[in-house]
Amino acid sequence: MKIGGTAYRTIWLEPDGGRVAIIDQTKLPHRFEIVHLASMEEAARAILTMQVRGAPLIGVTAAYGVALAMRVDASDDALGAAVAFLAKQRPTAVNLRWALEEMRRHLHPIAPKDRAAAAFDHAARLADDDVAMCKAIGVHGLEIIREIAGRKAPGEPVNVLTHCNAGWLACVDWGTATSPIYHAHDAGIALHVWVDETRPRNQGAALTAFELGSHGVPHTLIVDNAGGHLMQRGEVDLVIVGTDRVTATGDVANKIGTYLKALAAKDTGVPFYVTLPQSTIDWTLEDGFSIPIEERSQDEVLKLSGRTADGAVHLFDIAPEGCRAANPAFDVTPARLVTGLITERGICAATREGLVGLYPERGAAA
Ligand code: MRU
């Protein structure tokens, strides 16, 4: 996608072949800064500190982290250690574990002397695959938006509500939840997006609003608590969110607050769709409540970052000194609240049968 007229991905290998480049998402929307990762430790830190975030992107960053590690030591032991170290940086998004296992599976049969080059090639392949999957999600999701647009008066926009950032910044390109939106916008369908600010880290305000604005998609930022009210008033036609992990039975883990949007959508009859590439499905889990939920720092709740009129970015305290805070970063939306799952292979019910229908090769395992 483009920023200031220039096309970017969220991660790439510099032409010198030595450094992995990322966009530092902790600096957006106030500053656009590219950071270089030169070691596995720097890749791990980028994931942990959320310079890169979003389920697909942390997976691809970890894949490049393995490649950087293989440049230092490509032995079997080093491969195992790199996979174990990178996997523990964030617990909820299964894409991290998926990408690392994919790297291990690919690299293990390759002789150590050839592993570093093969690792960079394979990380690039995972990045390209993610782009292709996100694009396909958009093509399928576009049909849902097109169908709703067909029921509207000419020029009347389709109102989409989204939570957090499941945009191209969370992936390598296109995004998951935003891909149908970009496809619809590019197809000339009038649409407008309600962007949940998504406390505590405000990925909606900082990232989704930035992305949509850069692409020219009409949008309005709302506080997290406004969605239910807007749905009651008929001002939301559909909800589209991303996810960090979907169980084999269709339960969905996503950014904290997603469950409340799904409840409100169910109560008001608003369709609630979840977008995901196959790397987000955890075929080993039956029950969403067994998904590990990341607990993050209290400071993310107790403080807010913002830019002052002089252009400086500051961190402000918003609670009394000594106040305690809890910060679960994700919640689980039970499959019964999900209208459908939009994947790169098509749209299915949030059920085991629905998922196996799209991924029949998983039928025996599920
Ligand atoms: O904590 P984050 O910013 O990594 O959480 C991201 C989300 O919850 C996204 O909605 C999810 O990863 C889907 S990204 C395509």
query = For the charge dipole of the chain, defined by +1 on Lys and Arg C-beta atoms and -1 on Asp and Glu C-beta atoms about the Cα centroid, which residue among Ile11, Ala44, Tyr64 has the Cα displaced farthest towards the positive pole?
reply = Ile11
inquiry  = To check my understanding: the extent here is largest minus smallest coordinate of the Cα atoms along each principal axis. What are those three numbers for the stretch 2-129, in Å, largest first?
reply    = 44, 32, 24
message = Checking the a/c ratio against 1.5 first, then a/b against b/c, what shape does the Cα gyration tensor give for the stretch 244-366?
response = prolate
message = I need the calculated FRET efficiency for the pair Ala319 and Asp114, taking r as the beta carbon distance and R₀ as 51 Å, to the nearest 0.05.
response = 0.40
note = the stretch 29-81 and the stretch 120-192 have their Cα centres apart by a whole-number Å value of 26
key: Crossing angle, helix 55-72 versus the chain [Cα axis fit, 0-90 degrees, rounded to tens]   = 10
DSSP-defined beta bridges in the stretch 138-365 - what % are antiparallel, rounded to 5 = 45
Highest-first arrangement of 274-284, 84-94, 35-45, 321-331, where packing means the average Cβ count within 10 Å = 274-284, 84-94, 35-45, 321-331
task = Using the structure shown, select from Lys2/Lys113; Lys27/Lys266; Lys27/Lys152; Lys2/Lys152 the pairs with a Cα to Cα distance greater than 32 angstrom.
result = Lys2/Lys113; Lys27/Lys266; Lys27/Lys152
Interchain or long-range residues, amide H under 5 Å from Thr176's placed H = Gly167
request  = Using amide H atoms built 1.01 Å from N in the peptide plane, name the residues 5+ places from Gly340, or on other chains, whose amide H lies under 5 Å from its own.
outcome  = Phe272, Val274
task = Might you report the magnitude of the Cβ-based charge dipole of the stretch 66-212 about its Cα centre, with Lys and Arg at +1 and Asp and Glu at -1, to the nearest 20 debye?
result = 280
key: the chain: calculated mean residue ellipticity at 222 nm from DSSP helix runs of at least 4, using -39500 (n - 2.57)   = -11500 deg cm²/dmol
key: Candidate lysines for bridging to Lys88, where Cα separation is under 22 Å - those fewer than 8 sequence places away on the same chain excluded   = Lys255
task = Just order 340-349, 67-76 by mean Cβ neighbour count inside 10 Å, highest at the front, would you?
result = 340-349, 67-76
key: Estimated vicinal HN-Hα couplings, Hz - the stretch 209-219 in sequence order (Karplus 6.51, -1.76, 1.60; Gly, Pro = x)   = 5, 5, 4, 5, x, 5, 9, x, 8, x, 7
request  = Could you order peptides 189-202, 244-257 by the average number of other Cβ atoms within 10 Å of their residues, highest first?
outcome  = 244-257, 189-202
query = How much net charge surrounds Ser39 when only the other residues with a Cβ under 14 Å from the Cβ of Ser39 are counted, with Lys and Arg +1 and Asp and Glu -1?
reply = 0
request  = Starting from the Cα gyration tensor of the chain, multiply each eigenvalue by 5, take the square root, and state the resulting semi-axes largest first in whole Å.
outcome  = 31, 25, 20
The stretch 286-313 and the stretch 210-244: distance between their alpha carbon centers, rounded to Å = 19
remark   = Here, the stretch 276-330 modelled as identical Cα point scatterers in vacuum has Debye log10 I(q)/I(0) at q = 0.19 Å⁻¹ of -0.78
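Taken together, the values in this text are just the output of simple stated rules run on the coordinates, not laboratory data. Remember, predicted model here, so these are calculated numbers, not experimental data. All Cβ positions, glycine included, derive from the backbone under ideal geometry; neighbour counts span all protein chains shown.
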